[in-house]
Each structure stands twice: as C-alpha cells, then as structure tokens.
1. Select from the range A:234-266 the residues that are within 20 Å of A:F220 (Cβ to Cβ) and part of a strand (DSSP E or B) and write down the one among them that is farthest from the other protein chains (Cβ to nearest Cβ).
2. Looking at B:R228, B:R184, which is the one that is basic (K, R) and either in a helix (DSSP H, G or I) or more than 10 Å from every other protein chain (Cβ to nearest Cβ) (or both)?
3. Can you name the residue in the range B:62-119 that is surrounded by 17 or more Cβ atoms within 10 Å (Cβ to Cβ) and among the acidic types (D, E) and, of all such residues, is farthest from the chain's Cα centre (by Cα)?
4. Could you list, in sequence order, the residues of the range A:160-195 that are assigned to a helix (DSSP H, G or I), in contact (Cβ under 8 Å) with a residue 60 or more places away in the chain and either surrounded by fewer than 23 Cβ atoms within 10 Å (Cβ to Cβ) or within 9 Å of another protein chain (Cβ to nearest Cβ) (or both)?
5. Please go through the range B:128-152 and pick out each residue that is of a type in the set (S, T, N, Q) and either in contact (Cβ under 8 Å) with a residue 60 or more places away in the chain or buried (at least 22 other Cβ atoms within 10 Å of the Cβ) (or both).
6. Can you tell me which residue among C:V67, C:V54 is modelled with pLDDT under 85 and closer than 30 Å to C:D90 by Cα?
7. Would you mention how many residues in the range B:194-214 are within 10 Å of B:L225 (Cα to Cα) and not in a helix (DSSP H, G or I)?
8. Just checking, which of C:I226, C:I212 is more than 10 Å from chain B (Cβ to nearest Cβ), closer than 21 Å to C:V120 by Cβ, in a helix (DSSP H, G or I) and touching a Ser or Thr at 6+ places or on another chain (Cβ under 9 Å)?
Amino acid sequence: MSALLEVENLRVSFPTRSGVVEAVRGVSFTLGRERLGIVGESGSGKSQTGRAILGLTPPHATVSADRLVFDGIDLLCVSAKERRALRGKRIAMVLQDPKFSLNPVMRIGDQIMETLAAHGRGTGAEARRRTLAMLEAVQIRHPERVFRLYPHEVSGGMGQRAMIAMMLVAEPDLLIADEPTSALDVTVQLQVLSILDKLVAERGMGLIFVSHDLRLVSSFCDRVLVMYAGRVVEEIAADRLHQSQHPYTQGLLNCLPKLGQSQHPLPVLDRKPEWAA
Amino acid sequence: MTDALTISDLVVEFDDFRAVDGVSLSVREGESFGLVGESGSGKSTVLRAVAGLAPITAGTIAVGGETLGRTRSKDFYRRVQMVFQDPYGSLHPRHTIDRALAEPLAVHGIGDAEQRIVKALEEVGLGTGFRFRYPHQLSGGQRQRVAIARALILEPKVLLLDEPTSALDASVQAEVLNLLEEVRRKRGLTYILVSHDLAVVTHMCERLLVMQHGKPVELLTSADLAARRIETPYTRELMVASEGFKRGA
Amino acid sequence: MKNDAQTWREWLTSERPASRRQARLGRAYAAWSRFVDNRLAMAGLFIILALLLVAIFADVIAPYSAVTDGDLRTARLLPPSAEHWFGTDDQGRDIFARLVHGSRITLFVVVLVAVIAAPVGLLIGTVSGYAGGWIDAVLMRITDIFLAFPRLVLALAFVAALGPGIVNAVIAIAITSWPPYARIARAETLTLRHADYINAVRLMGASPARIIARHITPLCVSSVIIRVTLDMAGIILTAAGLGFLGLGAQPPSPEWGAMIASGRRFVLDQWWVAAAPGVAIFIVSLGFNLLGDGLRDALDPKAAGQ
C-alpha cells in the first residue's frame with residue numbers, strides 16, 4: 001500500500017500574550033487509502049492537525065514538520081497558489097457545522113457547480129448534471145429542489161449532506177472530516193456517516209476522521225490515533241480498541257455511561273502528567 | 001409519597017409554532033426523571049416552562065402541589081433551580097465566581113454569605129482558590145461546577161438540568177455526572193434531566209420520557225430500557241443510533 | 001525597586017486572585033496593558049492629558065488676558081511673533097492666550113455633554129431592550145424622532161428656544177446626542193437578554209431593575225464609553241458650530257468655534273486668526289478619536305475573554 005499522506009514530526013504553535021502555546025507537538029503518521037480516526041478531547045490538538053495538513057492554520061501560528069508529503073507533493077514547499085489548487089480538488093475538508101461553511105447568500109446547487117468550475121471539472125450543463133448526481137449520491141431525495149435552495153432553508157442534516165456533496169464532487173483523493181456529525185442528531189448522524197462510508201469506499205479515497213467520540217470513531221474507522229496534549233499517545237487498529245494499552249485510551253472508553261450497564265459512580269480519568277511529557 | 005412536580009397536558013406555543021404539545025408527567029419527591037429526544041423535540045422547552053422562561057399556553061404545572069401561574073414567587077426560586085447546557089454562556093463574563101455565588105444570596109436577603117460561598121465551592125469540589133477568578137480563567141468543567149454551586153446555594157428541592165454535560169468532554173462529563181449524583185444523594189434532591197444522550201439519562205434517572213416533535217412518545221423506566229423492553233419504534237431507533245455506527249446497516 | 005515592580009506585576013496578573021480587590025485590579029491591569037501596547041491610543045491619551053493640564057493651569061500658562069482688548073492701533077491683527085506666538089485678533093487680543101483659556105470651555109462642554117447624555121442613553125437603551133413590547137416601541141420611536149434630525153439643526157432649534165449661551169448650548173447638544181447611545185445600549189441588551197447567565201439571574205428571583213442595573217448595564221457601559229469618546233470630536237465641532245453661528249458662547253468668551261467665526265472675515269489676509277483655533281479643534285478631536293479607538297481594543301470583552 002503506497003502512502004497517500006506522510007506526516008512526520010508535525011508541530012503547530014500559537015503565540016499568545018502569555019507565551020507560545022504548542023497545540024500540536026510532534027505528530028507523525030502515514031495514511032494510505034484508508035479510514036484513519038484522530039480522537040482526543042478539546043485542546044488535544046486533533047483539529048489543528050487536520051487543519052495544518054490542509055494549510056488552514058491561522059496566519060499568526062507557526063507550522064513546522066520534518067516531512068509533510070501528499071502523494072509525492074511536498075506540502076511544506078508548495079506556494080500558496082499551488083496549495084489552493086490542491087485544496088478542494090485533491091484534498092477536501094468537511095467541517096462541524098454546515099451553517100458556517102456554506103455561503104449563506106448562494107444557492108446550494110450554484111455553490112457545488114462553482115466548486116466544479118474552480119477546479120476545471122466541467123461547466124454549464126455538464127456541471128449541472130454532475131451536481132445533481134452528487135446530491136443524489138448523498139441521498140438527498142429531491143436533488144432538483146435542494147439545488148435551488150439557500151443554506152438557511154435546509155435542516156442541519158441536509159446542510160451537512162450538501163457540504164459533503166460539495167466537498168466530494170471534485171473527487172478528491174483525501175478527505176479530512178472534522179467532527180462532521182457532532183452538530184447533528186444521533187439518528188441523522190448515522191445516515192450521514194453511512195453516506196460518507198459508502199462514498200469513501202466506492203471512490204477509494206483516504207479519510208481522516210477527527211472526532212472527540214472514541215466509540216463512534218472506532219466503529220467507523222480502520223485505525224485510530226489517540227491524541228493527548230498535542231501528542232499521539234496511542235495508535236491502534238479500531239477493532240482492537242478494547243485491548244488498548246494506554247491508560248488514557250482506556251480511561252476515555254470507561255468514563256462513558258453505557259446502556260444496560262450500571263456503574264455508580266462512573267470511573268473518572270486520573271490524568272497523569274507523564275502522558276503529556 | 002407526594003409528587004415534587006406534576007405536569008398535565010402542557011402546551012407551549014411560540015407565535016405559531018407549537019414547541020410542546022400535550023405533555024403530562026409527574027415526578028416523585030427525591031426521584032430523578034429524564035426527558036430524552038432529538039433537537040426540536042421540545043424537551044428543553046418543558047424544562048423552561050417549569051422554570052418560567054417559556055410561556056404556558058395550556059395545561060398546568062404544579063410544584064409541590066401548588067399550581068404555577070404566569071409569574072413565579074420568590075419562594076418558588078428557592079425551591080426550584082436550574083443548570084444550563086452551555087457552561088460558557090451561563091456565567092456572567094464580568095463577574096467573578098464570588099459575585100456569581102453572592103448574587104442569589106443578596107437577592108433573597110440571606111446572611112452569612114461568606115460561609116455559604118466557601119461551603120458551596122467546597123461541595124462542588126472547587127476549593128476557595130477559584131473564588132475570585134473570572135469565568136474565562138476556568139475550563140468548561142469548572143464552569144459547570146460553578147453553575148451547579150450557584151443553583152445549590154439557595155438550597156432548592158428540585159433541580160432542573162438542561163443537558164448539563166453535553167458541551168463537555170467525555171472524561172469531564174463523568175466527573176460532573178458523579179458530582180450531580182453525589183449532591184442528589186446527600187441533599188435528597190429531585191432531578192429533572194434533559195438530554196439527547198440515552199446512555200446519560202439511563203445512567204442518571206429512574207424513569208424517562210422519550211419525546212419527538214413536541215409530543216410524548218414513550219414513558220419507561222431505565223430498567224426497561226436497559227433490558228430493551230421497548231414498545232415504540234422511535235425509541236428503538238434512538239437506542240440503535242446511540243450504539244454507534246454499523247457498517248452495511 | 002525592580003524586584004518590587006516584579007512582584008506587583010505578578011500579584012496583578014495572578015491566575016488565582018485572593019480577594020475581590022485583587023481580581024478587579026488584575027482585570028483593570030490587563031485592560032491597561034492592552035491599551036499601553038497601542039501607540040496611537042497612547043498618543044490620544046497624551047493629547048487629552050495635555051488639554052487637561054492646559055485647562056487647569058490656564059492662568060499660569062497664558063501670557064495675556066483672554067478677554068481684555070489690546071491696543072487697537074498697535075496690537076490689532078499682528079502676525080505670529082515671539083511676543084504673540086499665534087498672533088493677535090481683530091480686538092488686539094493674544095490668540096495663544098485665548099486658545100489656552102478656550103480649552104476650559106471645550107472641556108466644560110464635552111464633560112457636561114458626556115455626563116448628561118451617556119447615562120440617559122444607557123438607561124433608555126437598556127430598559128427598552130430588556131422590557132421589549134410597548135415600552136420598547138414607545139422609547140424607540142422617541143429615539144427615532146431625535147435621530148431623524150441632523151444634530152446641528154436640532155441643537156439650533158433648542159438654543160433658539162432656550163436662548164444663546166454656552167450652558168444652553170451644552171444642554172442642547174446633550175439633548176441631541178443621547179439617541180445613538182440608547183441605540184447601542186439597546187442593541188447590546190437585545191443580544192444579552194436571552195443569554196443563559198441573564199436567565200440564571202432571573203431564576204434567582206431577581207427583579208428586572210436589579211437585572212438591568214447590575215447585570216446588563218455593566219456589559220453595555222464599555223461600548224457606550226467608546227462611542228462617547230469617539231463622539232467627543234463631533235460634540236466639540238457642534239459646540240464650535242453653534243459658537244460660529246453666534247448661538248453658543250457669546251463674545252468676548254474665547255470659545256474656539258466663535259474664534260473661527262470672528263476670524264473668517266480676514267481669513268485670506270490674516271489666516272492665523274482662524275487657523276489657530278481650527279488646528280486646536282482638529283488636534284483635540286483627533287486625540288479623542290485615537291483614545292476611543294484604543295479604548296475599544298482595550299475594553300472589548302471578546303479580547304478580554306482570551
């Protein structure tokens with residue numbers, strides 16, 4: 001399996017009034033055409049890892065890495081223009097809340113068509129046909145109707161599907177999904193995930209799934225990176241998660257209340273300083 | 001046993017929108033009762049109607065046998081308090097923790113504020129080191145502890161909990177849930193807990209009501225749920241969804 | 001000494017304040033250090049402080065009387081020189097002395113307007129925003145009526161009714177300048193009204209008056225203060241405008257606007273008569289604007305939250 005993405009010693013730091021805050025401290029992994037989960041709690045650096053790969057780190061932060069290679073292209077050396085060309089066309093990102101990622105004054109269909117045009121993958125009738133096909137692929141029942149709607153006219157689940165359609169229509173090789181379903185209701189969440197799962201499998205994409213929800217990620221991904229305080233504390237195959245060695249991963253699994261299992265009080269995480277070391 | 005809270009045929013309307021449509025339930029004194037549903041199910045609105053933050057269009061709400069009117073007495077707020085979902089939005093950004101805890105005492109003219117504040121902070125496991133900090137100096141879990149302390153400082157009998165842990169990390173959620181269970185046991189409180197998370201509700205409550213689109217769907221005990229004695233398809237759907245993703249499903 | 005300063009700083013920036021006073025001072029210190037970082041804001045502060053000092057020590061600074069006429073044969077409309085720094089006006093009075101004394105009038109105007117207009121605006125805005133319903137409708141329509149007229153025109157009407165004079169001019173300006181503050185306070189209140197922390201106070205059983213006074217107003221104050229400082233320039237200009245039209249300060253009072261008015265007759269030949277007060281108005285207005293911008297950055301609650 002050839003590596004689609006290689007990350008070695010990735011670091012992201014933010015200068016603040018009270019000194020430099022290191023959000024990501026030396027993260028390394030390789031990704032093939034597979035589903036990789038990155039799990040951690042708030043402040044673990046999981047989102048910043050995803051953003052750094054796409055070059056979406058805020059401008060005042062500094063990003064460094066020994067290696068950051070996507071399909072033979074060194075992301076550390078490419079110009080801003082080349083990076084923009086990669087973004088959307090070959091690497092795409094789905095964010096948590098579609099309300100903030102869709103343009104509120106543009107019809108959903110037009111936005112998707114624009115994405116196609118921007119990456120030179122068809123215009124006019126051809127683009128329209130592909131857009132409608134894509135909306136159908138994310139299981140939107142009346143693609144013609146949704147095509148003409150504005151983002152505020154659709155529900156959260158529908159908006160997230162439209163977002164996924166927009167991101168996948170250019171047929172990227174790598175999709176980074178940052179908490180793509182956290183803002184959705186549980187029942188809708190599963191529908192969106194199964195759409196995502198099907199598309200990734202059919203199109204042979206690589207997927208990085210960033211989430212706080214260890215159980216969800218482990219049921220969806222092939223491999224899981226567990227992050228704590230900016231570092232990867234454990235890497236484990238998703239189906240072997242229950243055999244995890246690191247106390248943090250175990251703690252995260254245990255502290256959730258489970259249906260049909262009563263445990264009072266719930267076990268809490270005893271954070272050890274050496275985890276962050 | 002008397003009922004701490006009785007709701008009968010509650011309807012809440014905002015303009016033309018019916019947020020709650022015919023909900024009835026009764027919660028016994030000392031019981032912990034859960035309201036479960038997805039967004040738009042009206043579960044939080046029920047809680048807000050009890051607290052007086054949402055209008056009662058029809059039906060009645062009674063606390064401790066006394067039917068609530070349009071306005072609530074000061075005495076009501078000493079019996080019923082609430083903890084909100086978003087710990088970042090429920091504390092005044094310009095007030096220190098000390099001031100947040102002193103305010104309810106000042107409103108009700110309660111003396112020995114000094115002692116009560118120290119005691120309340122200790123009860124929620126914060127200690128006095130946090131007393132003069134501002135909310136932005138606290139983590140989400142710490143803020144939620146302050147919110148719980150603020151609700152408890154008036155020594156209420158009923159605590160309304162509106163998704164108290166859904167904005168928190170899983171490990172912090174466990175700490176806050178443990179804290180809530182502990183104070184309930186110690187003080188013999190009655191809880192009404194609203195959550196979208198079936199596992200959290202069954203963990204915390206003895207009985208629960210599943211809601212959808214403002215209407216009650218199913219009333220069942222946590223034991224029933226754990227044993228999967230479920231009658232309605234919607235509850236079953238929620239149950240399956242909360243177990244995580246299944247490929248090929 | 002340096003050690004002392006070090007511990008003071010630590011005490012102020014402590015993450016674990018031990019008393020109410022320390023928490024409050026620490027907060028003020030954080031705002032102050034944000035303010036100090038802003039060079040333009042410091043320049044603004046410097047200008048305003050200079051104005052304050054000049055006004056306080058006007059009698060010491062001014063070399064001549066501001067109101068007594070000079071010798072009309074020898075001291076009339078003299079160009080700037082070592083003796084008369086900014087020259088003299090058509091009554092033979094030293095312009096520098098008049099400017100220095102005029103600073104008192106300027107300060108008097110802006111302070112009085114701020115003290116009257118800001119609280120009125122704040123009160124009307126917060127009550128209107130919090131109460132909603134018909135109270136809001138009535139208060140906001142009144143505000144709209146005031147906003148519908150250009151400020152100078154409305155002030156003119158009031159002065160015409162009250163009679164010319166500096167105090168009446170201040171009252172007229174104050175009456176015409178509260179509506180924007182009410183609008184700002186109302187807008188802020190509307191975003192705060194449904195915040196959970198306000199709901200939480202409501203659930204304590206606190207009265208609406210208490211909620212407005214102790215919980216909502218403190219959050220609106222900073223944006224109103226910022227707006228007031230930014231408006232100071234406009235207030236000075238309106239006062240000058242009234243003075244220019246002869247409805248503000250009356251001669252021989254050295255009000256800057258009135259000075260420009262009297263200088264305009266010979267603006268082509270003796271330009272300094274009108275230019276000196278013009279530049280003074282410009283500098284002070286700029287000072288207030290810079291100060292206001294700096295305050296906006298320093299007091300912004302969003303920045304403070306980080």
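The values are calculated or read from the model by the stated rules, or taken from the named source; none is laboratory data. None of these values were measured; they are calculated from a predicted model. Positions of Cβ are generated from backbone atoms using ideal geometry, with glycine treated the same way; all protein chains shown enter the neighbour counts.
1. Per the stated criteria, the residue is A:E235.
2. B:R184
3. B:D98
4. Once the filter is applied, which keeps residues that are assigned to a helix (DSSP H, G or I), in contact (Cβ under 8 Å) with a residue 60 or more places away in the chain and either surrounded by fewer than 23 Cβ atoms within 10 Å (Cβ to Cβ) or within 9 Å of another protein chain (Cβ to nearest Cβ) (or both), the range A:160-195 yields nothing.
5. Once the filter is applied, which keeps residues that are of a type in the set (S, T, N, Q) and either in contact (Cβ under 8 Å) with a residue 60 or more places away in the chain or buried (at least 22 other Cβ atoms within 10 Å of the Cβ) (or both), the range B:128-152 yields only B:Q144.
6. C:V67
7. The number of residues fulfilling the criteria is 2.
8. Values: C:I226 fails: touching a Ser or Thr at 6+ places or on another chain (Cβ under 9 Å).
The unique qualifying residue is C:I212.
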